[in-house]
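The values are calculated or read from the model by the stated rules, or taken from the named source; none is laboratory data. Only a predicted model underlies this, so the values are computations on that prediction, with no experimental measurement involved. Here the Cβ positions follow ideal geometry from the backbone for every residue, glycine too, while neighbour counts run over all protein chains shown. The area values use the complete protein model at the heavy-atom level, side chains included, leaving out ligands, DNA and RNA. Shrake-Rupley method; radii C 1.70, N 1.55, O 1.52, S 1.80 Å.
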Amino acid sequence: MARIRAISLGDLVQDQAVRVELEGVPIAVVLDSNGEVHAIGDTCSHGQISLSEGFVEGDTLECWAHGSAFSLRTGIPQNLPAYEPVPVFVVEIDGDDVYIDPTVTKEIAA
Ligand code: FES
């Protein structure tokens with residue numbers, strides 16, 4: 001795994017998304033209300049909108065443009081108009097550092 005240090009845990013705010021770009025891949029990093037860190041593709045599958053500018057609602061990240069909410073666990077939109085998932089990346093925490101491999105997406109069981 002070619003993991004890259006993406007951000008410090010201390011730079012994440014609960015229930016807010018932060019955009020990082022790793023090797024040209026835009027990724028939304030979210031610390032959820034359970035203290036779990038998620039990393040999903042930052043570009044909405046419905047339009048060229050940055051999901052990290054949207055809203056964390058439970059375990060979803062909602063696009064501000066038209067309201068599709070993407071699962072932080074599967075990347076699957078929970079409502080229209082988006083119908084294509086965004087990628088979900090493996091996150092590793094090492095001390096205060098959050099590592100993500102932008103080249104490897106999580107295998108999601110349907
Ligand atoms: S651009 Fe995100 S739901 Fe339309």
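Is it true that Ala28 is within 13 Å of the ligand (Cβ to nearest atom), open to solvent by less than 20 Å² (accessible area, probe 1.4 Å), among the hydrophobic types (A, V, I, L, M, F, W, C) and under 24 Å from Asp96 (Cα atoms)?
Here the answer is yes, as Ala28 does meet what is asked.
Return the residues of region 52-78 that are among the hydrophobic types (A, V, I, L, M, F, W, C) and buried (at least 17 other Cβ atoms within 10 Å of the Cβ); say none if nothing qualifies.
Val56, Leu61, Cys63, Ala65, Ala69, Phe70, Leu72, Ile76 - these are the residues of region 52-78 that are among the hydrophobic types (A, V, I, L, M, F, W, C) and buried (at least 17 other Cβ atoms within 10 Å of the Cβ).
Considering only region 54-78, how many residues are out of contact with any strand residue (DSSP E or B) (no Cβ under 6 Å at 6 or more places or on another chain) and either within 12 Å of the ligand (Cβ to nearest atom) or aliphatic (A, V, I, L, M) (or both)?
Number satisfying all stated conditions: 6.
With the checklist (1) more than 15 Å from Ile7 (Cα to Cα); (2) more than 10 Å from the chain's Cα centre (by Cα) in hand, flag the one item Glu36 doesn't pass.
Result: Glu36 passes all but (1).
Looking only at residues that are touching a residue at least 60 places away in the same chain (Cβ under 8 Å) and surrounded by 21 or more Cβ atoms within 10 Å (Cβ to Cβ) in region 79-103, which one is nearest to the ligand (Cβ to nearest atom)?
Phe89
Quickly run through region 36-51 and pick out the residues that are open to solvent by 40 Å² or more (accessible area, probe 1.4 Å) and under 19 Å from Lys106 (Cβ atoms).
Within region 36-51, Glu36, Thr43, Ser45 meet the criteria.
Write out, first by first residue and then by second, each pair whose Cβ atoms fall under 7 Å of each other, whose residues are 6+ apart or on separate chains, and whose first residue, in region 52-69, is within 14 Å of His38 (Cβ to Cβ) while the second is open to solvent by 30 Å² or more (accessible area, probe 1.4 Å) and near the ligand (Cβ under 8 Å from one of its atoms).
As it stands, the answer is Gly54/Trp64, since those pairs meet every condition given.
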